[in-house]
1. Restricting to the range A:162-172, and then to whatever is of a type outside the set (A, V, I, L, M, F, W, C) and touching a residue at least 12 places away in the same chain (Cβ under 8 Å), can you tell me which residue is nearest to ligand 3 (Cβ to nearest atom)?
2. List the pairs whose first member sits in the range A:277-298 and is on the phi > 0 side of the Ramachandran plot, whose second member is of a type in the set (A, V, I, L, M, F, W, C), and whose Cβ atoms are under 6 Å apart, counting only residues at least 6 apart or on separate chains?
3. Go through the range A:73-93 and report how many residues are open to solvent by 10 Å² or more (accessible area, probe 1.4 Å) and in contact with a Gly (Cβ under 7 Å, 6 or more places away or on another chain).
4. Consider the range B:224-236. How many of its residues are open to solvent by 100 Å² or more (accessible area, probe 1.4 Å) and within 12 Å of chain A (Cβ to nearest Cβ)?
5. Go through the range A:105-136 and give me each residue that's aromatic (Phe, Trp, Tyr) and either without any contact (Cβ under 8 Å) to a residue 40 or more places away in the chain or away from ligand 2 (no atom under 16 Å from the Cβ) (or both).
6. Would you mind finding the one in B:Ile176, B:Ile121 that is closer than 27 Å to B:Thr260 by Cβ and in a loop (DSSP other than H, G, I, E, B)?
7. Since A:Phe117 meets every condition but one in (1) open to solvent by less than 10 Å² (accessible area, probe 1.4 Å); (2) within 16 Å of ligand 3 (Cβ to nearest atom), which condition does it not meet?
Amino acid sequence: MATPLSLKELSKKELLLTAGHRMCAGCGAPIVVKMALLAAEQPIIAANATGCLEVSTCISEYTAWKIPWIHNAFENAAATLSGVETMYRSLKKQGKIDKKIKFIAFGGDGGTYDIGFQSLSGAMERGHDMLYICYDNGAYMNTGIQRSSATPFGADTTTCPAGSCNPGKLQQRKDLTKIMAAHGIPYVAQASPSHWSDLVKKVKKALAIDGPKFMNVITPCNRGWRSKTDDAVKLSRLGVETCYWPLFEIENGATRVTVKPKEKKPLVDFLKPQGRFKHLFAPENEHLLKQAQDQVDAYWERLLKEEAFAARQE
Amino acid sequence: MGQNGKRVVAVTGNEAVAEAMRQINPDVCAAYPITPATDIMQRFTSFVSNGKVKTEMVLVESEHSAMSACVGASAAGGRVATATSSQGLALMWEILFIASGTRLPIVMSLVNRALSAPLNIHGDHSDGMGARDCGWIQLWSENAQESYDNMIQAFRIAEHMDIRMPAMVCLDGFIISHSIERMEYLDDETVKNFAGEFKTTNPLLDIENPVSYGPLILTDYYMEYRRAHAEVMSKVSKVVLDVAKDFEKISGRKYGLFETYRLEDAEIGLVVLNSAAGTSKDVVDEFRNRGIKAGLLKPRLYRPFPYEEIGEALKHLKAVCVLDRADAFGASYGPLFMDIASGVYPHKNGPLLINKIYGLGGRDYLPEHAETVLAELAEIAKTGKVKTLREYIGVRE
Ligand SMILES: Cc1ncc(C[n+]2csc(CCOP(=O)(O)OP(=O)(O)O)c2C)c(N)n1
Ligand code: SF4
Ligand SMILES: [Mg+2]
């Protein structure tokens, strides 16, 4: 029986990632994982790339995972889960297993956009029945906030520190969500823990589809973003409301923006509460703030065009 | 003897390995092409495409992913195999340790090939030697027959409940992988019964009993895990011998931890891995015909290395040359030499040892090389003097 999509009903479900893990207080990652697992109606087996989520949820004799879970290495969550899923198909074909099981990989942005990109691309191309969820906190947090290709333009990180010559990260984020869509897989989406019902709906939809699916979820990290401990949901909401992190899905190639902010807030509303962007507010960096806003505007406008194009095709 | 249904065939080493895999019929195989191993998986996938096996393939985008998928598939709970060579093994290196540290009985054939640079596709042992301490069991094979036999035994050894460790079966690239030899196949039913049903331990696919694989373990327990791994490795020799005994019953072929050839009363001896042992044995015979007591030792189980047994087998010799088809740069000696020297070390009156590096990048190892080495050993045995401890042979000066 499908759980109706109400907080009341969802709150009755068992949390499959327990309390007592060692992620920082206020970290966005466990929120994202719990929501994704609450959304699932089917038994789930998860794979996890090395990173904050992995090192903090299964240590020595303790595990926070109430579902079968495997961590292999940093760059290979998708390849590892391909193996698990293939064994499942093999044993199912041989009649040695009869349950319907679904597979989810969790990887940080570093483990997904960068070092795990090839493994992810390969797994998606091969068509394994898996949902890959990237919890994107915009840097290599576990090793101490180094730049990744998901780090936003202008951000101060420990390997692109804002200094007198360099104003933080000089490049725009890699648009991984669209790159995954370009794989021609049946379902790709962006989500945010601030919009729980949108996130849960997307996970449900993804899990109902056989084949490879990808979701990219903005996941605040108060250590790396240098924000208040209890701001994870607020900041991810601002990410959506400023259109820095648009919520959309690409289903069989057709783009649909799932949440349109009533009023598109200026990007600075998202940047201001985060210490990693503090230097951008110095008078000499005004042009960078403008550049960042321009990037967001261009992306949003293109996204709306893509949505309009898809709507015309129907 | 249960030797009914044997087939005498003329096949390449790769063909023999692929046939062993067909008969074992793993649940999942992951594969990525690399010369000279490619051929194994090409042949095997044609079995898959034609319904000769139940195996599901994962045709990955790299060897790193091949080994990663093997880890996932094996942890899921089933029989898993793959094959690679050289750069492919090098790319897997990170995950080789994870496969063994997680106690996953994956079986891989390693068609030995030189490592870059310079790029070279031919047979030497640098790939397997580079992975000798990664916690895998390594069986080395002289010819197509041994490659086939080792493949079949490897599953039993790796999956043994006292072991549960991955195993690598090594054979020489091109020299064995691509040369046609006469050998015997066992019949399908015999191999199937010999391998037995795969037994799972804590499979990930057991939804009712969720397990976590791949924890973070820091200073508190990491060392205990490593020691546990070492303890398992210390049990491998016995299992290898037990499995060999069972294998003899179905095949009539005897296997040990290593092979000795005319060694019992020998005064001088060669130690050599894989295909070069064949050439060397012929030359040993020639020396015997001339009344010189020559012999040979060919390691089979190279990891874990049977130091004590090999020390015992060599201790009565006067002079031994260890032939290495790989160098261990900066270590002065080749990797096999260092292991043999450790095995011989406890024996005060053991043989004098010399080391020759030969056959790198597929350079031919010729009977005259073995002749020169044996002549040198005869001289050392007579005079008790070693002139050159270690040198390259068959190389331009
Ligand atoms: C091959 C390899 N290179 C580097 C590392 C070191 N490392 C471990 S976790 C990590 C960063 C993870 O970043 P991300 O994937 O974004 O996850 P997060 O920690 O931010 O949640 C790095 C660089 C590693 N474990 N393996
Ligand atoms: S460093 Fe950031 S991502 Fe890592 S646990 Fe802490 S808050 Fe979460
Ligand atoms: Mg990150």
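1. A:Lys169
2. none
3. 3
4. 1
5. Passing the criteria: A:Phe117, A:Tyr132.
6. Only one candidate passes the filter, namely B:Ile176.
7. Exception for A:Phe117: condition (1).
Here is a yes/no grid of residues against (1) closer than 23 Å to B:Val60 by Cβ; (2) within 19 Å of the chain's Cα centre (by Cα); (3) not aromatic (Phe, Trp, Tyr):
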site: A:Glu54; (1), (2), (3): yes, yes, yes
site: A:Cys58; (1), (2), (3): no, no, yes
site: A:Phe74; (1), (2), (3): yes, yes, no
site: A:Thr86; (1), (2), (3): yes, no, yes
site: A:Ile115; (1), (2), (3): yes, yes, yes
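The values are calculated or read from the model by the stated rules, or taken from the named source; none is laboratory data. Values in this document were obtained by computation on a predicted structure and should not be read as measured data. For neighbour counting, all protein chains shown are included, and Cβ atoms are generated from backbone atoms with ideal geometry for every residue, glycine included. Protein only, heavy atoms only, side chains kept; ligands, DNA and RNA dropped before computing areas. Shrake-Rupley method; radii C 1.70, N 1.55, O 1.52, S 1.80 Å.
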